[in-house]
Structure formats: C-alpha cells, structure tokens
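Worksheet: the structure to be examined is printed underneath.
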Amino acid sequence: MTLALSRKALSAIAERVDEAQTNGRSLTLPTEAHEGFDMACGYAVQDLLRDRWKVRGRRLVGYKAGLTSRAKMAQMKVDTPTFGFITADMAVPDGGICPTRLLSRPRVEPEIAFVLKPDIAAALRTEADVLAATDFIAPAIEIIDSRYADYKFDLPSVVADNSSSARYVIGGRPRRPAELDLRTIGIVVVQNGEVVGEAASGAVLGNPARTIIMLSQWLEDRGEALEGGSLILTGGACEAQLVSAGDSVCARFQDMGDVTVRFVEDV
Ligand code: OOG
Ligand code: MG
C-alpha cells in the first residue's frame, strides 16, 4: 500500500510522538502539520512507535480499543473505534499510585479487560468464539493521556498517538465471562468520594466482547493475528474524567469488585 507520506516523514513523526509520550509533552496534530495525513499514516506511525518501544525492551502485552462507546464518541467528537498497543510497563497495581509528573493531561475511564487463553483460534468472529477464547475478564481503569491540547484531535492524529494510551490498572475479581451477562454489568466511577461516571457494560458495542471481534478482524485485515494470552482493554464505558495529583479514583463493577488508584505528582 502506498502511503501519503514518506517513510522518513512518518519516522520523524513517530520520534516526536515517542518523545511527547515519554516526557508528558504536547504535540501538534499530524493532520495539521502534514498534508494528506490519513488513517493509514496514523497506523503506520503507531507501528513505528511499537518498533521503537520493542527496541527499548518495552514488552507488548496486548491491545486497547478506544471510542467503542457512544459516550466516548460523543465526548471526543469522532465516530469510529481505534486501536492501540499496551505494554507491561504501563501497568499500575490495583490500589497503587500513579505519578502525574510525566503525563500531560490524564483522564480515567472504566473498562472491562479481557485476558485471552494461551491457545486461541486464528480468528474470533462471534461472541461465542470470544467467550471460548477468553481466560478471564477483570475490571480496569484506563488512564489515558492525549498529547494533543485539550484532547482536541481527529482520528488519524489520535491513532498516531497510540489512541491516547498511557497507563492502566487491572483489579477487582477476575471472572469467567460465561458466569456473567456481559451486557448488563453496572459500573460506577467515584472520584474523591463523588460519583462522576455511571454506565452499563453494554455501553461498549452492546457487549464488550464485540470489541474483541472487531480487533480480531482489524488484525486479520492487516495480515496479523490476535495472540493467545493478550490483555485487551475494550474501551471506556462512559465519559473519561480529568484527574490531577491528589485525586483518588475507584471504579466499582457489579459482581466484579473494585479497582482503585491514587494520583500523586511524583514518587
Ligand atoms: C482516545 C482514546 C479513547 C476509550 O476507551 O474510548 C479510549 C481519547 O479519548 O483520548 O481509550
Ligand atoms: Mg480507553
């Protein structure tokens, strides 16, 4: 496939994104800086970013999907889900602290995480396929961090920024998906004692398992396959909330337990 930008130009953008993500700095939108920067360019930058991380020994553990709920699409004013990669070193332990010093403008959102079994079918096309391939699901808080001012971006630009990925917290009680109705799990987000977000799990594509079907299809279309053992964040079920140092956040998931994280400036 021919890309609108040269490999050299895309590598230079990936280097800038990497620097901004590592040091919590802001970026200008690639779509404003580069004529013709489209979704294919966005994912090409993301791939180059992934290569840079691998060289530095950052271990890929799975994927995140973004903008899979209407609440998130409306909040971000875009209408198509996106994907990104997640690494082991982005994890914050449940009940732990997340330093904000190297983040630009962190926000939290509640998500259902899936962990796949080691051996899975090559393609997951139905909800039954996903359930059969899932080892367990667990409640999560994704800490996103757009490197674009005020989270104002378009789809190719957010894709280049690895779909705003920054940190994640997996907690609560791991559950077998067959034990729950994945469409109707109640979720409440509490920030400093105030309820700031509410949703049902079905806010994500009717059933967050559908995120895995979309991800499997997307990978297949790019000639890749979903790997067994992957951790997948299925997307925020309600609007994301800005957080700053001093805040504590607890996401409570019906029948799945709580996930908590506290934000500090530095450790
Ligand atoms: C894009 C990432 C969205 C989600 O769960 O919808 C995302 C953003 O809102 O900055 O992670
Ligand atoms: Mg998210």
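The values are calculated or read from the model by the stated rules, or taken from the named source; none is laboratory data. Note that this is a predicted model, so its numbers are computed, not measured. Ideal geometry is used to build each Cβ from the backbone, glycine not excepted, and the neighbour counts take in all protein chains shown. Please note that ligands, DNA and RNA were not included when accessible areas were found on the heavy atoms of the full protein model with its side chains. Shrake-Rupley method; radii C 1.70, N 1.55, O 1.52, S 1.80 Å.
Worth pointing out:
- Residue within the stretch 160-171 that is open to solvent by 60 Å² or more (accessible area, probe 1.4 Å) and touching a residue at least 12 places away in the same chain (Cβ under 8 Å) present: yes
- Residue match in the stretch 25-39 (condition: among the β-branched types (Val, Ile, Thr) and surrounded by 21 or more Cβ atoms within 10 Å (Cβ to Cβ)): no
- Elements of type strands (runs of 3 or more DSSP E) in the stretch 225-264, at least 3 residues being farther than 18 Å from Gly193 by Cβ: 231-233
- Number of positions in the stretch 213-250 that are surrounded by 15 or more Cβ atoms within 10 Å (Cβ to Cβ) and within 16 Å of ligand 1 (Cβ to nearest atom): 16
- Boolean, Asp135 is outside any strand (DSSP E or B) and either under 24 Å from Arg176 (Cα atoms) or charged (D, E, K, R) (or both): no
- When residues of the stretch 143-159 are limited to those that are open to solvent by 10 Å² or more (accessible area, probe 1.4 Å) and assigned to a loop (DSSP other than H, G, I, E, B), the one nearest to ligand 2 (Cβ to nearest atom): Phe153
- The helices (runs of 4 or more DSSP H) located wholly in the stretch 14-127 that include 1 or more residues which are within 16 Å of ligand 2 (Cβ to nearest atom) occupy 39-55, 70-76.
- Flag if Thr31 is β-branched (Val, Ile, Thr) and in contact with a Ser or Thr (Cβ under 9 Å, 6 or more places away or on another chain): yes
- Residue check, Ala88 surrounded by fewer than 15 Cβ atoms within 10 Å (Cβ to Cβ) and modelled with pLDDT under 95: no
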